[in-house]
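Here is the structure we will look at, set down as structure tokens.
The numbers here are math on the coordinates, done by the rules we state, and not lab data. The shown structure was predicted, so the numbers you read here are calculated from the model rather than taken from an experiment. Cβ sites come from the backbone with ideal geometry, for glycine too, and all protein chains shown count toward neighbours.
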Amino acid sequence: MTDSDWGSLMAAAQRGEAAPYRRLLDLLRPWLIRYFRRRLPLAMVDDAVQDTLISIHEKRHTFDTTRAFEPWLAAIARYKWIDRLRAMKRASFEELDDSLSIEDHHSAVVSATILEALLAELKPAQRAVIRLVKIEGFSIEEAAVRSGQSAALVKVNIHRGLAKMAASAARAERPEPLAS
């Protein structure tokens, strides 16, 4: 769309026509995204676009329909860009040390995978109450209400399910006998 098309849509918006105004805002969004992507860190782009669209909405009555639309738009976007730069200047940033250790999540991922495999071997009722009580931390009574089982049955299902999981884990740890 051309600058005059945007101007026509804004003129219609000033007359109170909602559909052209929505169309204009939809068309401006990609332009604003490109504008701010060239000037700001990527994490700030969406907020800057939203702030600019809000400003356009608040200042739409100041647009002079006898003039070009894009310079008016660019001026608003520029002011919002400057606001973001000022906010960045006020924000304190701390340099990260290169020797900063990063936790290895390998063992946690392996453990979660094994746990899911062991849980998958259980009956659904056992799996549900073990998740509720042992993983999510609900009491026996809360698990009974959530699962629709009696408190006694919850205890039995947890006991039997954990026993089956322990037996499966023990089988997995034993090496397979070599075929002769």
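Here, the range 119-173 yields an orientationally averaged convex hull projection of 3.4 nm² when only Cα atoms define the hull. Dividing the mean sequence gap of close Cα pairs (under 8 Å, 6+ apart) by how many residues the chain holds gives a relative contact order of 16 percent. Each helix, a run of at least 4 DSSP H residues, gives -39500 (n - 2.57); summed and divided by the residues of the chain, these come to -23000 deg cm²/dmol at 222 nm. Of the chymotrypsin sites (Phe, Trp or Tyr not before Pro) found in the range 17-57, not one falls in a DSSP loop while having at most 13 other beta-carbon atoms within 10 Å. Built from the Cα atoms of the range 3-90, the convex hull projects on average onto 5.4 nm², one quarter of its surface area. Cross-link partners of Lys59 among lysines, defined as those whose alpha carbon lies under 24 angstrom from its own and excluding same-chain residues fewer than eight positions apart: Lys80. By the beta-carbon count within 10 Å of each Cβ, the least crowded to most crowded order of Val49, Val154, Val110, fewest first, is Val110, Val49, Val154.
Across the range 21-26, computed HN-Hα scalar couplings (Karplus, 6.51 cos²θ - 1.76 cosθ + 1.60, θ = phi - 60°) run 5, 4, 4, 4, 4, 5 Hz from first to last residue, x flagging Gly and Pro. Amide H contacts for Phe138 (H built 1.01 Å from N in the peptide plane; partners 5 or more residues away or on another chain; cut-off under 5 Å): Val133.
Just tell me which lysines come within less than 21 Å, Cα to Cα, of Lys134; anything on the same chain fewer than 8 places away is out. The qualifying lysines are Lys123, Lys155, Lys164. If you fit an axis through the alpha-carbon atoms of helix 106-120 and take the longest principal axis of the Cα set of the chain, what angle between them do you get, 0 to 90°, nearest 10? Once rounded, one gets 60 degrees. Here the scattering of the chain is modelled by Debye summation over its C-alpha atoms, one equal scatterer each and no solvent; at q = 0.18 Å⁻¹ the log10 of I(q)/I(0) is -1.12.
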